[in-house]
Amino acid sequence: MKIEQIEKLKALNELKEKGVLTEEEFQTEKYKVMNSNDLIEVAKSENESSNLIAIGYVMAVFPILILPIVFTAVGVVIGLINITKGKIGHGSAQIGISVFCGVVGTAIGGAGFGL
């Protein structure tokens, strides 16, 4: 527990003892103070998740441009990671797009070499 949290809890307790806060209000505010760091961590996690979703879509399209086999695998892996983080729709879409772009990228590459 951080010093700031301890100070806030002391101040809340004083307000409760003076009758400014009811027991219910005290408990509510105490909960907020105790869990304030957790809220920051949740916000950071959501931001990182959004970044991973964006990266997943970019990597899903890369196989059509360069190294289809490698970037198809990368897109599928990132899609699977997003699925495990609860972003099932995005992860599934990224896997589908990766495979589609991988097939198209391979076909374009093969046509370029006259295969």
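The values are calculated or read from the model by the stated rules, or taken from the named source; none is laboratory data. Bear in mind that the values here come from a model prediction, so they are computed numbers and not experimental data. Every residue, glycine among them, receives a Cβ derived from its backbone with ideal geometry; neighbour counts consider all protein chains shown.
The table below lists the values:
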{"quantity": "Output for region 23-53, where each listed residue is loosely packed, with under 11 Cβ neighbours inside 10 Å, within 11 Å of the chain's Cα centre (by Cα) and modelled with pLDDT of 75 or more", "calculated": "ASN51"}
{"quantity": "Residue check for VAL103: more than 27 Å from the chain's Cα centre (by Cα), β-branched (Val, Ile, Thr) and at pLDDT 90 or above", "calculated": "yes"}
{"quantity": "Hey, VAL20 out of contact with any His (no Cβ under 6 Å at 6 or more places or on another chain), under 30 Å from GLU7 (Cβ atoms) and modelled with pLDDT under 85 or not", "calculated": "no"}
{"quantity": "Hey, LEU67 closer than 28 Å to GLY110 by Cα, at pLDDT 85 or above and either surrounded by fewer than 15 Cβ atoms within 10 Å (Cβ to Cβ) or in contact with a helix residue (DSSP H, G or I) (Cβ under 7 Å, 6 or more places away or on another chain) (or both) or not", "calculated": "yes"}
{"quantity": "Single condition ILE6 does not satisfy, out of (1) β-branched (Val, Ile, Thr); (2) surrounded by 13 or more Cβ atoms within 10 Å (Cβ to Cβ); (3) modelled with pLDDT under 85", "calculated": "(2)"}
{"quantity": "Whichever residue in region 2-22 is in a loop (DSSP other than H, G, I, E, B) and on the phi < 0 side of the Ramachandran plot and, among such residues, is nearest to the chain's Cα centre (by Cα)", "calculated": "LYS2"}
{"quantity": "Some residue of region 75-97 being in contact (Cβ under 8 Å) with a residue 40 or more places away in the chain, crowded, with 19+ Cβ neighbours inside 10 Å and over 15 Å from SER50 (Cα atoms)", "calculated": "yes"}
